[in-house]
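The values are calculated or read from the model by the stated rules, or taken from the named source; none is laboratory data. The structure displayed is predicted, hence computed values, not measured ones. When we count neighbours, we look across all protein chains shown, and the Cβ atoms used for this are built from the backbone with ideal geometry, even at glycine.
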Amino acid sequence: MIHWPIPSQAVSSATSDNSLSKNAPRLDAAVQTLEELQQEGKIRHIGISNFGVLQMEEILGLGVNIAVNQMPYSLLFQTIEAKVLPYCREKGIGVIGYMGLMQGLLAGKYKDADSVPPNRARVRHFRGDRPGSRHGEAGAEKETFEALAKIAATAKELGLPMHLLAAAWSMAHPDLTCTLVGARDKDQFLDNLKALDVELDDETVSALRVATEPLMKKVGTSLDLFEHTDKSRSW
């Protein structure tokens, strides 16, 4: 899996080696290497991650068969619904949704933005002046925690833990192949599996979408959770 698109901007966010940033690897060279590994039987499939529609068009134009695109997707980040999911459906590309619990936010672990650990407050939902953040935007902290309060209220009405409701909501989307949710130990892993038994009716799915709509408008259409909208690595 090519974890991020290869333009120099994406490379610079992953390494401090300026020579790599100035002379970023070529996409066609990466694809050629992956196809050779596939022919040798060392990998079964070729995947991508964080590729927007234009970037998917570029890599498919090289004639490679892409099995899956891994993208951020959760109740707190639904941006891929507009263009990425329809394109993947059209091209037969599976979609893995990562950060399904938004690094614990959708587990109801934090009462406000200041209680979120710095390494989990680097996304564009939070102020860009928080430690470790590099996007520099105003963030959407008010809208994020207002949405979380509404999600928590719905979970209480349904008699469900918030994290199982969030995971079940993601899995309810017909274009999503699977959702990734974190687990720190065996008990959390087994608990997360309970989401497979949760069936949400259309009314609940729609109500949660309405509850998070103000946040989605504030976060905007950029597919990159970590960089300024004008410097998105995904397009």
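A few points about this structure:
- Unmet criterion (only one of (1) in a loop (DSSP other than H, G, I, E, B); (2) within 16 Å of Gln78 (Cβ to Cβ)) for Leu165: (1)
- Inside the range 162-185, residues that are touching a residue at least 12 places away in the same chain (Cβ under 8 Å) and out of contact with any strand residue (DSSP E or B) (no Cβ under 7 Å at 6 or more places or on another chain) make up a count of 10.
- Residue satisfying all of: in the range 188-235; hydroxyl-bearing (Ser, Thr, Tyr) and within 19 Å of the chain's Cα centre (by Cα); nearest to Gln103 (Cα to Cα) among these: Thr212
- Within the range 105-120, the set of residues being part of a helix (DSSP H, G or I) and surrounded by fewer than 15 Cβ atoms within 10 Å (Cβ to Cβ) comprises Asp114, Ser115, Pro118, Asn119.
- Just one of the numbered conditions (1) under 30 Å from Lys218 (Cα atoms); (2) free of Cβ contacts under 8 Å to residues at least 24 places away in the same chain; (3) outside any helix (DSSP H, G or I); (4) not acidic (Asp, Glu) is not true of Ile48: (2).
- Filter result for Thr177 (at pLDDT 95 or above, among the polar types (S, T, N, Q) and in contact with a Leu (Cβ under 6 Å, 6 or more places away or on another chain)): no
- Only one of the listed residues (Glu58, Glu90, Glu40, Glu35) is under 26 Å from Met171 (Cβ atoms), more than 12 Å from the chain's Cα centre (by Cα) and surrounded by fewer than 18 Cβ atoms within 10 Å (Cβ to Cβ). That residue is Glu90.
- Residue among Ser133, Ser170 that alone is of a type in the set (S, T, N, Q) and in contact with a Gly (Cβ under 6 Å, 6 or more places away or on another chain): Ser170
- Tally, over the range 135-154, of residues that are part of a loop (DSSP other than H, G, I, E, B) and not charged (D, E, K, R): 5
- Checking each residue in the range 198-229 for being within 14 Å of Ser170 (Cα to Cα) and in contact with a Leu (Cβ under 9 Å, 6 or more places away or on another chain) picks out Val198, Leu200, Thr204, Leu208, Arg209, Thr212.
- Residue pairs whose Cβ atoms lie under 8 Å apart, separated by 6 or more positions or on different chains, with the first residue in the range 192-217 and of a type in the set (D, E, K, R) and the second surrounded by 14 or more Cβ atoms within 10 Å (Cβ to Cβ) and assigned to a helix (DSSP H, G or I), are Lys194/Leu164; Glu199/Ala168.
- Verdict on Gly132 being in a loop (DSSP other than H, G, I, E, B), loosely packed, with under 15 Cβ neighbours inside 10 Å, on the phi > 0 side of the Ramachandran plot and at pLDDT below 95: yes
- Within the range 1-45, helices (runs of 4 or more DSSP H) holding 1 or more residues that are among the β-branched types (Val, Ile, Thr) and either farther than 21 Å from Ile93 by Cβ or in contact with a helix residue (DSSP H, G or I) (Cβ under 7 Å, 6 or more places away or on another chain) (or both): 8-12, 27-39
- Yes/no for Gly63 being more than 22 Å from Asn119 (Cα to Cα), outside any helix (DSSP H, G or I), among the small types (Gly, Ala, Ser) and at pLDDT 95 or above: yes
- Residue selection: Gly97 fails the criterion of being at positive phi, surrounded by 15 or more Cβ atoms within 10 Å (Cβ to Cβ) and either modelled with pLDDT under 95 or outside any helix (DSSP H, G or I) (or both).
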